[in-house]
Amino acid sequence: MRTYVQRARAEGRDRTATAIERAALRELRINGYADLRLADVARRAGVARRTLYLHAPTKEVLVARALRRRATAITRRVERWRPPEAGGAAILDEIVALHERTYRTDRQLLEILVDSGAPGGGEVLRSLDRVRLTLIERAVAALARIGALRIRPEDAIALAHAMLAFPTWRAALTGPARRRAPRLIADALRATLLG
């Protein structure tokens, strides 16, 4: 009986923490860091202000924890990616598809990191960028292994890094390309990198 009660309490704490995190990120996206109010976060999360203060005593701590936790989830999800055992075009298509999925599902977080001015947001963004660079390096190494590169690997990494960066995706997905953006980015990478 005691184990069940402890497990139920832990699950309740996790649900509350998740609700607070989601509410904080939503309020941060809507209002920006400067206008973020903990009372609004508590109301949106459906918790008492006291509960919110037990979870995070300050706005800085709340935002830093929410951003870090969400970034860790993204990192865990994408770090498992490995280039497929296929031709050069398939490898590039797969890494572009991974970036598209990541940006579409985590666009809110990326917008917050870039636009909100949240403390610690720059470091979180840099850590996500390091993970992204590692994936690109894996893809380029796979392309080099099969002899598919027509430019130096260092140049291929730099070009792919620039074309797959969040600002590029944001401009491509909201600009005239919209749904065609991933295909156009993949075509540009294939034309430039593959021999």
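So, in Å, what gap is there between the alpha-carbon centers of segment 22-42 and segment 177-195?
One Cα centre to the other: 37 Å.
For the chain, state the average projected area of the convex hull of the C-alpha atoms over all orientations, rounded to one decimal in nm².
Numbers: hull surface 54.4 nm².
Averaged projected hull area, Cα only: 13.6 nm².
Taking the 0 to 90 degree range and rounding to the nearest ten, how far is the long axis of helix 121-145 tilted relative to the main principal axis of the chain, both from C-alpha atoms?
For helix 121-145, the angle is close to 30 degrees.
Starting from 0 in steps of 10 Å, tell me what percent of the Cα-Cα pairs of segment 7-109 lands in each bin.
14, 37, 25, 15, 9, 1
What percent do you get for the relative contact order of segment 2-57 when only Cα pairs under 8 Å and 6+ apart count? Present the calculation step by step, with values, prior to reporting the outcome.
Working: 27 pairs, mean separation 18.7, N = 56.
Taking the mean separation of contacting Cα pairs over the length of segment 2-57, I get 33 percent.
Can you tell me the relative contact order of the chain? Whole percent, Cα pairs under 8 Å, sequence separation 6 or more. Walk me through the intermediate numbers first.
On the way: 174 pairs, mean separation 41.4, N = 195.
It rounds to 21 percent for the chain.
Give me the orientation-averaged projected area of the Cα convex hull of segment 52-167, in nm², one decimal. Intermediate results must be reported in sequence, preceding the final value.
Values: hull surface 30.2 nm².
With every direction weighted equally, the projected area is 7.5 nm².
Connecting C-alpha atoms closer than 10 Å in a GNM of the chain, tell me which of G88, G175, G121 has the biggest fluctuation.
Looking only at G88, G175, G121, the biggest GNM fluctuation is shown by G175.
Rounded to the nearest 500, what is the chain's calculated 222 nm mean residue ellipticity when only DSSP H runs of at least 4 contribute -39500 (n - 2.57) each, over all residues? List each step's numbers first, then the result.
Values: 10 runs with 151 residues, N = 195.
Computed ellipticity for the chain at 222 nm equals -25500 deg cm²/dmol.
Let me see the P(r) profile for segment 1-66: every Cα-Cα distance counted, bins of 10 Å, each bin given as a percent of all pairs.
The calculated distribution, bin by bin, is 22, 51, 18, 7, 1.
Using only Cα atoms, find the angle between the long axis of helix 153-163 and the longest principal axis of the chain, and express it within 0 to 90 degrees, rounded to the nearest 10.
So the helix axis and the longest Cα principal axis differ by about 50 degrees.
With a point put 7 Å past each Cα toward its Cβ, work out how far T18 is from T72 in nm, to one decimal.
A separation of 1.5 nm, rounded to one decimal place.
Taking 0.36 nm per residue of separation and subtracting the Cα-Cα distance, what length does fully extending D155 through A141 add?
Details: separation 14, 0.36 × 14 = 5.04 nm, distance 1.22 nm.
This chain segment gains 3.8 nm when fully extended.
Taken together, the values in this text are just the output of simple stated rules run on the coordinates, not laboratory data. Model, not experiment: these values are computed from the prediction. Note that we place each Cβ from the backbone using ideal geometry, even for glycine, and neighbour counts take in every protein chain shown.
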